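K.L.:
My questions all concern the structure below.
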Amino acid sequence: MERRYPCDVCSKIFKQRKHLNDHRRRHTGERPYRCDVCNKTFVNTSSLKVHQGIHTGKRPHRCDMCDKTFRQLHHMKIHRRVHTGERPFPCSVCNKTFRVLEHMKVHERVHTGERPYPCDVCHKTFRDTGNLKVHQHLHTGERSYYCDVCNKAFSNKSRLKLHLRVHTGERPYRCDVCNKTFKLLNHLKEHQRTHTGERPYCCDVCKKTFVNKSNLGVHIRIHNGEHPY
């Protein structure tokens, strides 16, 4: 019988002990492999080798549809699904599909409630390491991503990317009903409810429904007598 190695934190199972050891560092935060150029640390040697391509500039894998290049073959294959529309990983609960297996696994935790990544400062838990890292910046105060237009600093790359749209005017999310555009995906989703009539946020006192959570929060003050301004 093939031997299996379960993680004692999240019960994920691996076929090789080496892979289990690499995985467990995601829970412990241990990053024993260091880049000798910038001193950034990594969980395993393969992640370190991929990172070192940043310094060498080596990107050997090219998409044959748009000529975009990648440091890893795996990343190029995932990227090609943008062109093909392939989403081979369905959620076992709601059948939503994903281009990347890991994204599907993280999504399924919405249904299971699993939050396997705890903050070692305040012990708040998260569904994925990305959100954990963003949260940890609240404790460290680190803001290492700078806007090259106004020098405003951000704690993570995604927030910087959103901020840059203030300068560029980019509004990449378009309503397929009225063609109105938005800077943020969640703003588009809220807007689309004006067409569908969906009002998913319900007051548990009077059962009135709302398009978004912020409007529900304002409404609840009627019941609790709060006057914050």
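K.L.:
For segment 84-93, take each phi angle, set θ = phi - 60°, evaluate the Karplus expression 6.51 cos²θ - 1.76 cosθ + 1.60, and give the result in whole Hz per residue in order, putting x for glycine and proline.
P.N.:
Going residue by residue, I get 7, x, 5, 9, x, 10, x, 5, 6, 9 Hz, with x marking Gly and Pro.
K.L.:
Label points 7 Å out from Cα along the Cβ direction at Val93 and Lys49: separation in nm?
P.N.:
3.7 nm
K.L.:
Using a Förster distance of 41 angstrom, determine the FRET efficiency expected from the C-beta separation of Ser144 and Arg3, and round it to 0.05.
P.N.:
Values: r = 42 Å, r/R0 = 1.02.
According to the calculation, E is roughly 0.45.
K.L.:
With Cβ to Cβ distances under 12 Å as the rule, what net charge do the other residues near Lys96 carry (K, R +1; D, E -1)?
P.N.:
+1
K.L.:
What Kirkwood radius, in Å to one decimal, follows from the Cα pairs of the chain?
P.N.:
About 22.0 Å for the chain.
K.L.:
Hey, could you get me the Stokes-Einstein D for segment 142-229, Kirkwood radius over alpha-carbon pairs, 20 °C and 1.002 mPa s, rounded to whole µm² s⁻¹?
P.N.:
Estimated via Stokes-Einstein, D reaches 136 µm²/s.
K.L.:
Determine the alpha carbon to alpha carbon distance for each of Lys68/Lys152; Lys40/Lys157; Lys105/Lys189 and list only those over 19 Å.
P.N.:
Lys68/Lys152; Lys105/Lys189
K.L.:
Tell me the label-point distance for the pair Cys119, Lys40, using the 7 Å Cα-to-Cβ offset, in nm and rounded to one decimal.
P.N.:
2.4 nm
K.L.:
Tell me, Asp120, Asp22 in order of fewest to most beta-carbon neighbours within 10 Å?
P.N.:
Result, fewest neighbours first: Asp120, Asp22.
K.L.:
Another question, then. Normalising by the residue count of the chain, find the relative contact order in percent from Cα pairs under 8 Å and 6+ residues apart.
P.N.:
Relative CO of the chain lands at 6 percent.
K.L.:
If R0 is 25 Å, what FRET efficiency do you get for His103 and Ala153 from their C-beta distance, rounded to 0.05?
P.N.:
Plugging the Cβ-Cβ distance into 1/(1 + (r/R0)^6) gives 0.35.
K.L.:
Another question, if that's okay. Let me check against my output: what whole-number percent is the relative contact order of segment 106-181, with C-alpha pairs under 8 Å and at least 6 apart?
P.N.:
Numbers: 68 pairs, mean separation 11.3, N = 76.
Relative CO of segment 106-181 lands at 15 percent.
K.L.:
Using 16 Å as the cut-off for backbone N distance, which residues of segment 184-213 belong to the label zone defined by a point 7 Å from the Cα of His223 along Cα→Cβ?
P.N.:
200-213
K.L.:
Identify all aspartates and glutamates with a Cα-Cα distance to Lys12 below 20 Å; exclude those on the same chain that are fewer than 8 residues away in sequence.
P.N.:
Hits, sequence-local ones excluded: Glu2, Asp22, Glu30, Glu102, Glu108, Glu114, Asp128.
K.L.:
Can you give the local net charge around Tyr201? Use residues other than it whose beta-carbon is closer than 12 angstrom to its beta-carbon, Lys and Arg +1, Asp and Glu -1. Provide the component values of the computation, followed by the final result.
P.N.:
Working: positive: Arg193, Arg199, Lys207, Lys208, Lys213; negative: Glu190, Glu198, Asp204.
So the surrounding residues net to +2.
K.L.:
May I pose another question? Report the charge-dipole magnitude of the chain in Debye, nearest 20, computed about the Cα centre from +1 at each Lys and Arg Cβ and -1 at each Asp and Glu Cβ.
P.N.:
Dipole about the Cα centre, nearest 20: 460 debye.
K.L.:
Quick one: plug the Kirkwood hydrodynamic radius of segment 132-185 (C-alpha pairs) into Stokes-Einstein at 10 °C, 1.306 mPa s, and report D in µm²/s.
P.N.:
Stokes-Einstein gives a translational diffusion coefficient of 126 µm²/s.
K.L.:
Can you put Leu48, Leu162 in order, fewest other beta carbons within 10 Å first?
P.N.:
Leu162, Leu48
K.L.:
222 nm [θ] for the chain, helices only, -39500 (n - 2.57) per DSSP H run of 4+, per residue, to 500?
P.N.:
Dividing the helical sum by the residues of the chain leaves -13000 deg cm²/dmol.
K.L.:
If we count other beta carbons within 10 Å of each Cβ, what is the order of Leu216, Leu184, fewest first?
P.N.:
On the way: Leu216 18, Leu184 13.
Ascending Cβ contact count within 10 Å gives the list Leu184, Leu216.
Every read-out reported here was derived from the displayed coordinates using simple, explicitly stated rules and does not represent laboratory data. Because the structure is a prediction, the values reported are computed rather than measured. Because the Cβ atoms are built from the backbone with ideal geometry, glycine has one as well, and the counts that use them run over all protein chains shown.
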